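Below is one structure, written out as structure tokens, with a few remarks after it.
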Amino acid sequence: MPKLIRAKKAVLLIVRRVEEETPLAVVATFRGAYRLALFELAIANSNLDERSARMKMRREGRVQLWDMDQFEHLEQAMWSPIGRLAILQEIQVRNS
């Protein structure tokens, strides 16, 4: 029987709308989480491209994405009445 390979880290996708943060999904790869964030929030012009977001994730462990066509700055995306942004956060996976 083949042995299952399990990742030690995954990416948690959190959607923030105004002041409410809602966990949306846990994705095994950064690329999958990034693309899901773009799709779920209908982000056409992201503040960070995938490569820049991946580098920031490696340094800080957390990335915030928003649509630059709607919100020029992070504060606008966070606190505007129609504000929304995606938060990608690296998490540890527990094997039980």
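Quick note: the coordinates plus some simple rules give every number you see, no bench work behind them. Computed from a predicted model, the values in this text were never measured in an experiment. When we count neighbours, we look across all protein chains shown, and the Cβ atoms used for this are built from the backbone with ideal geometry, even at glycine.
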(request) Compute the longest continuous run of the chain that contains no exposed trypsin sites (Lys or Arg not before Pro); treat a site as exposed when its DSSP state is not H, G, I, E or B and it has at most 12 other Cβ atoms within 10 Å. (result) 9-93
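Tell me which GluC sites (Glu not before Pro) from the range 7-96 have a DSSP coil assignment and no more than 16 other beta carbons within 10 Å of their own.
Numbers: sites: Glu19, Glu20, Glu21, Glu40, Glu50, Glu60, Glu72, Glu75, Glu90; in loops: Glu19, Glu72.
Answer in residue order: Glu19, Glu72.
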(request) For Ala25, list long-range residues whose amide hydrogen, built 1.01 Å from N in the peptide plane, is under 5 Å from its own amide hydrogen. (result) Leu13
(request) Taking H placed 1.01 Å from N in the peptide plane, check which residues at least 5 places from Met68 or on another chain put their amide H under 5 Å from its amide H. (result) Asn45, Ser46, Asn47
(message) Cut-off 10 angstrom, C-alpha nodes, Gaussian network model of the chain. Which of Ala53, Ala86, Ala44 fluctuates the most?
(response) Ala44
(request) Would you mind listing how long the chain runs along its three principal axes, going by Cα atoms, in whole Å with the largest first? (result) 52, 26, 23
(message) Per residue of the range 8-20, what does 6.51 cos²θ - 1.76 cosθ + 1.60 with θ = phi - 60° give for ³J(HN,Hα)? Whole Hz please, x for Gly and Pro, Karplus curve as stated.
(response) 8, 10, 9, 10, 9, 9, 10, 9, 10, 10, 6, 10, 9
